[in-house]
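Engineer: First the structure, which I've put down as structure tokens, then a few questions once you've had a look.
What follows is calculated from the coordinates using simple rules that are stated; it is not laboratory data. Just so it is clear, the structure is predicted and the values come from calculations on it, not from any experiment. Glycine gets a Cβ as well: all are built from the backbone with ideal geometry, and neighbour counts include every protein chain shown.
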Amino acid sequence: ASATLGFVLGETVKLLAPFTPFFSEVLYQELPRGSTQMNSVHLESWPQSNLKLKTKNLKLIEAMKEARRLASLGLAKRAEKGIKVRQPLASLTVKNEKLKSIMTKEILAILADEVNVKKVFFNKKVEDEIALDTVVTAELREEGIIRDLVRSIQELRQEARLEPKDRIVLILVLPGVFGDAAERNEKLLKVEVGAKEIEFKRSEKFQAEATVKIEGAEGWIGLRKI
């Protein structure tokens with residue numbers, strides 16, 4: 001680690017030398033001798049750029065630029081179909097297969113997260129630049145319900161001025177399929193909102209409460225700090 005630091009400082013001092021000659025010289029002389037080769041910084045050669053690294057960075061920048069553009073197209077398609085962003089969808093398919101070669105797994109993951117899809121595919125047979133699978137299955141719908149619920153609970157935590165470390169008892173009174181979805185995902189809800197316990201019936205022992213709407217249906221949430 002010290003050798004790496006010495007190298008970085010040595011290269012930085014060389015870059016500073018034309019602009020701050022005296023300060024750079026003093027700093028250069030203070031560096032460990034293993035980090036310097038000449039008697040003066042002004043006798044050193046100008047640092048050379050790493051062409052391979054530069055090319056890699058340019059490809060990364062281009063890939064991110066394309067990912068942002070594709071995300072915009074995907075979000076526009078969602079708006080066109082009237083599907084809210086918090087509702088997960090199965091996939092986004094990109095027509096330009098050449099982009100696959102410059103997009104890393106990390107960038108594809110960012111793209112999928114921005115458009116809120118499970119997978120990103122490449123297929124030159126799609127009609128437009130992108131194709132969005134807009135079929136909301138029962139599983140995807142339930143995931144969307146839970147995301148909406150988590151958002152509402154987190155907002156209520158903020159209103160109650162709770163810290164992220166604070167654990168709560170969560171109280172949920174939700175109609176029909178929404179209550180069923182919450183019970184099936186009880187463990188996930190506990191982790192997401194910092195709840196030690198969830199009660200699925202009305203209680204007057206709450207610190208904060210809110211009426212929520214999920215897909216047009218009205219429910220009630222309450223919480224208290226443990």
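Engineer: How large is the dipole of region 22-163 about the Cα centre if only Lys and Arg carry +1 and Asp and Glu carry -1, each at its Cβ, rounded to the nearest 20 debye? Each step should come with its number before you reach the end.
Structural biologist: Numbers: 26 positive and 21 negative charges, 105 e Å.
Charge dipole of region 22-163: 500 debye, to the nearest 20.
Engineer: Now for a separate question. Please identify the helices of the chain, taking whole runs of DSSP H, that span at least 27 Å along their own axis as judged from the Cα atoms and have a mean Kyte-Doolittle score of 0.0 or higher.
Structural biologist: Working: long enough: 51-81 (45 Å, -0.47); 138-159 (32 Å, -0.74).
Helices passing the filter in the chain: none found.
Engineer: On a 31 Å Cα-Cα criterion, which of the cross-link pairs K190/K213; K84/K205; K119/K187; K14/K59; K119/K190 come out too long? Intermediate values should be presented prior to the final figure.
Structural biologist: Values: K190/K213 20 Å; K84/K205 34 Å; K119/K187 25 Å; K14/K59 28 Å; K119/K190 26 Å.
Over 31 Å Cα-Cα: K84/K205.
Engineer: Hey, can you rank 123-130, 103-110 by average C-beta count inside 10 Å, highest first? Please list the in-between numbers first.
Structural biologist: Numbers: 123-130: 12.0, 103-110: 15.2.
Order by mean packing, descending: 103-110, 123-130.
Engineer: To the nearest 20 Debye, how big is the dipole of region 128-172 about its Cα centre, given +1 on the beta carbon of each Lys and Arg and -1 on that of each Asp and Glu? It would help to have the intermediate numbers written out before the result.
Structural biologist: Values: 7 positive and 11 negative charges, 99 e Å.
The calculated dipole for region 128-172 is roughly 480 debye.
Engineer: Once fully extended, how much extra length lies between D133 and N96, figured as 0.36 nm per residue of separation less the alpha-carbon to alpha-carbon distance?
Structural biologist: Values: separation 37, 0.36 × 37 = 13.32 nm, distance 1.70 nm.
Gain in length upon complete extension: 11.6 nm.
Engineer: While we're looking at this one, here's another question. Please give the FRET efficiency for R151 paired with R69, using the beta carbon to beta carbon distance and R0 = 25 Å, rounded to the nearest 0.05. Walk me through the numbers before you get to the answer.
Structural biologist: Details: r = 27 Å, r/R0 = 1.09.
E between R151 and R69, to the nearest 0.05, is 0.35.
Engineer: Can you list residues from other chains, or at least 5 along the same chain, whose modelled amide H is less than 5 Å from the amide H of V212?
Structural biologist: It is G219, W220, I221, by chain and number.
Engineer: Say the dipole of the chain comes from +1 at the beta carbon of Lys and Arg and -1 at that of Asp and Glu; which of L170, A160, A181 then lies farthest toward its positive end?
Structural biologist: Projecting each Cα onto the dipole axis, the largest value belongs to A181.
Engineer: Give the residue from I102, F23, H42 lying farthest towards the positive end of the charge dipole for the chain; charges sit on Cβ (+1 for Lys and Arg, -1 for Asp and Glu) and the dipole is referred to the Cα centre.
Structural biologist: Comparing the listed Cα positions along the dipole, I102 ranks first.
Engineer: About its Cα centre, how strong a charge dipole does region 80-226 have in debye, to the nearest 20, once Lys and Arg get +1 and Asp and Glu get -1 at the Cβ?
Structural biologist: Magnitude of the dipole: close to 380 debye.
Engineer: Please state, as a whole number in µm²/s, the translational diffusion coefficient that the Stokes-Einstein equation yields for the chain at 10 °C and 1.306 mPa s, with Rh defined as the Kirkwood radius across alpha carbon pairs. Before the final figure, lay out each step's value.
Structural biologist: On the way: Rh = 22.5 Å.
For the chosen part, D equals 71 µm²/s.
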